[in-house]
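Below is one structure; the comments refer to it alone.
The values are calculated or read from the model by the stated rules, or taken from the named source; none is laboratory data. Since we're looking at a predicted model, the values are computed, not measured. Glycine also receives a Cβ, built like all others from the backbone with ideal geometry; neighbour counts cover every protein chain displayed. Only protein heavy atoms, including side chains, enter the accessible area calculation; ligands, DNA and RNA are left aside. Shrake-Rupley method; radii C 1.70, N 1.55, O 1.52, S 1.80 Å.
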Amino acid sequence: MRTYLHGKRYRFRIINAGVLYCPIEISVDNHSLIVVNSDGGDMKPVHAQSLVTYAGERWDVIINANNTVGNYWIKFKGLKDCDENFNSAHGLAVLHYQGANDTFPKSTVAYKDIRRPAGMQVNPVNVGAGKKNFKTASELESQKTWIDPSLKKVPDIVLTFAFDFYPIDNSLFHKPHLYGFNQVKKEYRRYIPQINHISMMMPSFPVLSEPEFITSKTFCNENTYQNCSSRFCHCPYTIELPLHQTVEIIFVDEGVPYESNHPFHLHGHSFRVVAMDKLNQSTTLDEVLALNRTNQIHRNLKNPPLKDTITVPDGGYTIIRFYTKNPGYWLLHCHLDFHVEAGMAVLLKVGNYSDFTRPPENFPRCGNFYNADAQKPTQKPTPSHDLSSSDGNATIESSTVSSIITSAEDSVSNALTDFWKAVKNTFSKNGSSSSYSGRADQTHKCERPCKRNDEQVCEYYFEVEKYYVLSKACYECPFNPEDCFREDCISADGVERLITVVNRKLPVDAIHICDGDSVEITVHNMISEESTTIHWHGLHQSHGTPFMDGVGLLTQCPIHPMASFKYSFKPDPAGTHGLHAHLGLQKPEGIFGGFVVRKPKEEEFYKDLYDEDLTEHLMVLNDWTHIPIVDKYVAHYQGPGNNKPDTLLINGRGMFRQFKRENDSQVYYTPVSKFTVKKVSIFNKPTYRPR
C-alpha cells in the first residue's frame with residue numbers, strides 16, 4: 001500500500017462590505033482560484049490567478065489545498081482611492097495548512113510587494129471587453145439554463161441612467177452666493193454625484209408601509225423637474241414599472257472629472273449583465289445610444305451572468321436586464337456610502353399598490369417601535385392615493401401625524417419594561433436551542449448540513465450599540481495575543497476608535513441557514529442618539545415581505561433609540577449574501593456581516609468541484625478608516641478633508657499599528673484572520689504488471 005497526501009478542495013465565500021472607492025484585488029500565494037458564483041448566481045467555472053471585487057459584491061471561489069504544507073499569504077490589495085497615490089491600503093490573511101507551524105509566512109508583505117499575479121484576472125477595474133488575461137463580469141457565463149423572460153430579443157421597457165460628478169451649486173455642499181462651487185478654493189470644491197442630474201432625497205415617511213401619506217407631490221422624475229443640468233434637483237427620484245415586464249437599464253458613466261467607476265446594487269431582484277465596455281476616458285449618453293442604434297453593442301442574451309451588484313466602467317457602459325416579478329418599492333443605488341448618502345440612487349416602484357402585500361397588522365409606524373412581534377402578512381393594502389392616479393387628493397393633517405407620535409411616546413416606559421422582560425425570557429445569557437445572541441462559544445442550531453424537508457425557524461437577537469476598538473475587554477492585546485481573541489474584544493487593525501456594532505462583534509456574526517428556512521431577527525437599538533435599520537443584502541423578500549427589506553424611510557420607519565423591531569422573513573435566493581445597516585453612515589462604522597443561504601450539496605452545480613463548504617471559510621472584506629466615518633464625510637464635503645480609506649480588514653482583523661513596550665525590542669501587531677485547510681491521506685494498492 002502506498003500513502004499519498006491529497007489536497008482537499010474548499011469553497012470560500014467572499015463578501016465585499018466596502019464603503020469608499022476601493023476595489024479590492026484578491027490573490028493567494030502559490031494557489032489559483034476557481035470562480036464559480038457571484039451574488040448567488042452560479043456561473044461556468046473560471047480558473048483565475050486574481051479576482052477584483054467591488055463594494056456590495058459577493059463571490060464564491062474554490063481553492064485546492066494541493067501545495068506544500070505551510071502558511072501562505074492571502075493578499076487583498078486596495079486599488080484606486082486605496083492605491084499608492086493615497087494611503088496604500090491593503091490587508092492580509094493566512095491560508096494555514098493543518099500541520100504547519102502557527103507562524104506567519106516567511107515573506108514580508110507591504111503594499112508595494114503585492115503585485116497582480118500573471119494570468120487571468122476576473123472582474124478587472126475599468127477594462128473593456130475582449131482584453132487578454134482579463135474577463136469582465138459581462139464575459140462570464142451563467143450556469144442557469146431555464147427560459148428567462150428577461151432575455152427576450154426586445155425588452156418591454158428601456159431606461160437610461162447617465163451619471164457622473166457635477167460641479168453644481170447645491171444646498172448640501174455649495175450654497176450659491178455664500179460658498180458656491182466656483183467661489184471657494186479648489187481643495188474645497190466638491191462635485192456632487194447624480195443620476196440623470198437628479199439627487200435622490202428619501203421621503204419623510206416609509207412609502208411602502210404607510211402609503212396613505214402619499215400625495216401627487218411625494219415623488220419626482222425627469223417629467224416633474226426640468227433644467228436639472230443647470231440647477232440642483234433634489235427629490236425622491238422614482239420610476240414606475242408595471243409588473244411582468246422585461247426591463248433593460250443602460251448605465252453610462254460619463255467619467256469626466258475622475259477616473260472612478262461605480263458599483264450599482266438593485267434591491268428585490270437579480271439581473272442579467274448582458275453587456276459592458278469601456279469606450280474612452282470619458283463618454284456621453286448620446287455616444288452610447290448612437291452605438292446602440294447602429295447595433296455596435298453586443299448583448300449576450302443566451303447565458304449572461306446573474307447578479308444584483310455590478311460595476312460600470314468609467315467612460316463606458318453596463319447594460320442589465322431583469323423581469324419585474326416582485327412588487328414593491330426597490331432602491332437602485334451606487335453602493336459607495338458617500339455617494340448614496342449624497343443622493344446617487346433612484347427608487348423603482350414595481351407594480352401598483354393593489355399588487356402589494358400588506359404589512360403585518362402590528363407593523364410599527366413612525367414613532368412606534370415598541371412591539372417587536374411580527375404577525376403574518378395579510379393580502380393587499382388599501383392606500384388613499386395610488387401612484388397610478390394623479391388626482392392629488394390625499395392629504396395629511398398635521399394633527400394626525402402629531403397624534404401618532406404622541407400616542408407612541410406615551411407608551412414608551414411601559415413598553416420598554418415589557419420588552420426587556422421578553423428578552424430575558426427568550427434570550428438567556430448562554431443562548432438557547434432556538435435563539436442566538438452572538439456569543440463566540442455558540443453554534444446556532446441552523447448551522448447544519450442542509451437537506452430538503454428539514455426547514456427551521458431560525459431566531460437571532462441583535463443588540464446595536466456604540467463600542468470601542470481595543471476596549472478594556474482586550475486586556476493586554478496585542479502584547480498577549482490570546483487576549484485579542486477574548487469575548488467582546490475587537491482589535492481591528494490596532495487603531496483605537498469609536499465604532500458601532502451588533503453584539504460587540506466586528507463584523508456582525510454571520511447568519512448561516514439552509515434554503516427553505518425562515519428567520520426571525522429581533523434588533524434592539526441601544527444607541528441613545530441614533531435610529532437604525534438593517535438591510536438583508538442580496539435577499540429579495542419575494543415571499544410577500546418587501547416591508548422587511550430594512551431601508552429606513554422607504555420600507556419602514558427607523559428603529560428609534562432604546563426600541564426594538566423584529567425582522568421576520570423567508571430568505572431567498574440561496575447563495576452568499578450580506579447584512580448591513582441601511583440608515584445614514586452606520587454600515588461603515590461596523591454594522592455589516594454575512595448572510596449565507598445554503599442548498600443541499602447534492603443540488604449544487606459544483607458539488608464535484610469541492611469537498612468542503614465550511615462556515616469558517618467566509619471572508620468579509622471592508623475598507624476601514626481611523627476616524628469615525630461621519631467625521632470623515634463632513635470633513636470631506638464641508639472642508640478640505642480626504643475621502644480615502646486607511647486600511648483593509650478581513651473578518652474584522654488587520655495589521656496596521658505597530659506596538660512596542662519599554663525595554664522590549666519586539667514589534668507587536670494585532671492578529672490577522674487565518675483560514676485553515678488540510679491534506680488527507682489516500683491509500684492506493686500497488687498494481688503489478690504481468691511479465
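The table that follows gives values for the structure above.
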{"read-out": "In order through region 596-604: 3J(HN,Hα) via Karplus (6.51 cos²θ - 1.76 cosθ + 1.60), integer Hz, x for Gly, Pro", "value": "10, 10, 9, 8, x, 4, 5, 8, 6"}
{"read-out": "Percent of beta bridges antiparallel (DSSP, the chain, rounded to nearest 5)", "value": "70 percent"}
{"read-out": "Debye equation applied to the C-alpha atoms of region 134-277, log10 I(q)/I(0) at 0.11, 0.16, 0.20 Å⁻¹", "value": "-0.59, -1.08, -1.35"}
{"read-out": "Estimated FRET transfer efficiency when R0 is 22 angstrom, pair PHE485-ARG115 (beta carbons, to 0.05)", "value": "0.10"}
{"read-out": "Extended-chain gain in nm, criterion 0.36 nm per residue less alpha-carbon gap, ASN30 and ASN362", "value": "113.9 nm"}
{"read-out": "Across LYS44/LYS152; LYS186/LYS505; LYS302/LYS607; LYS77/LYS302, pairs whose alpha-carbon gap is larger than 29 Å", "value": "LYS186/LYS505; LYS77/LYS302"}
{"read-out": "Environment charge of ASP314, counting only residues whose C-beta is closer than 10 Å and scoring Lys/Arg +1, Asp/Glu -1", "value": "-2"}
{"read-out": "log10 of Debye I(q)/I(0), alpha-carbon scatterers only, for region 306-368 at 0.12, 0.18, 0.28 Å⁻¹", "value": "-0.49, -0.93, -1.23"}
{"read-out": "Three-way shape call for region 1-94 based on the alpha-carbon gyration tensor, with the a/c threshold at 1.5", "value": "oblate"}
{"read-out": "Cα gyration tensor category, rounded, prolate or oblate, for region 525-633 with a/c compared to 1.5", "value": "oblate"}
{"read-out": "Ellipsoid semi-axes in whole angstrom, largest first, where each is sqrt(5λ) of the Cα gyration tensor of region 73-191", "value": "38, 32, 13"}
{"read-out": "Å³ per residue enclosed by the Cα convex hull of region 499-558", "value": "109 Å³"}
{"read-out": "Accessible area, probe 1.4 Å, largest first, for residues HIS174, HIS47", "value": "HIS47, HIS174"}
{"read-out": "Value of relative contact order over region 485-587, rounded to a whole percent, pairs C-alpha under 8 Å and six or more apart", "value": "32 percent"}
{"read-out": "Surrounding net charge for GLU141, when Lys and Arg each add one and Asp and Glu each subtract one, Cβ distance under 12 Å", "value": "+3"}
{"read-out": "1.4 Å probe accessible area per residue over region 442-530, in Å²", "value": "41 Å²"}
{"read-out": "Hz values of 3J(HN,Hα) by residue in region 573-582 - Karplus curve (6.51, -1.76, 1.60), Gly and Pro given as x", "value": "x, 5, x, 8, 10, x, 9, 6, 4, 10"}
{"read-out": "Spacing of the two label points (7 Å from each Cα toward its C-beta) at GLN183 and SER229, in nm", "value": "2.6 nm"}
{"read-out": "Region 1-72, relative contact order in percent, only Cα pairs under 8 angstrom and at least six apart counted", "value": "44 percent"}
{"read-out": "Length-normalised contact order of region 580-667 in % [C-alpha pairs under 8 Å, at least 6 apart]", "value": "24 percent"}
{"read-out": "Per-pair calculated FRET efficiency, R0 = 22 Å: ALA129 and SER282 via Cβ, rounded to 0.05", "value": "0.75"}
{"read-out": "Within the accessible area of region 539-691 (1.4 Å probe), percent carbon and sulfur", "value": "50 percent"}
{"read-out": "Shape call, the chain: gyration tensor on alpha carbons, a/c limit 1.5", "value": "rounded"}
{"read-out": "Those Cys residues of the chain for which no other cysteine Cβ falls under 4.7 Å", "value": "CYS334"}
{"read-out": "Net charge contributed by nearby residues that have their C-beta within less than 12 Å of ILE195 (K/R +1, D/E -1)", "value": "-4"}
{"read-out": "Cβ charges +1 (Lys, Arg) and -1 (Asp, Glu), total dipole of the chain, debye", "value": "2460 debye"}
{"read-out": "Derived scalar couplings ³J(HN,Hα) [region 470-483; Karplus, 6.51 cos²θ - 1.76 cosθ + 1.60; whole Hz; x for Gly, Pro]", "value": "6, 5, 5, 5, 8, 6, 9, 5, x, 5, 10, x, 4, 5"}
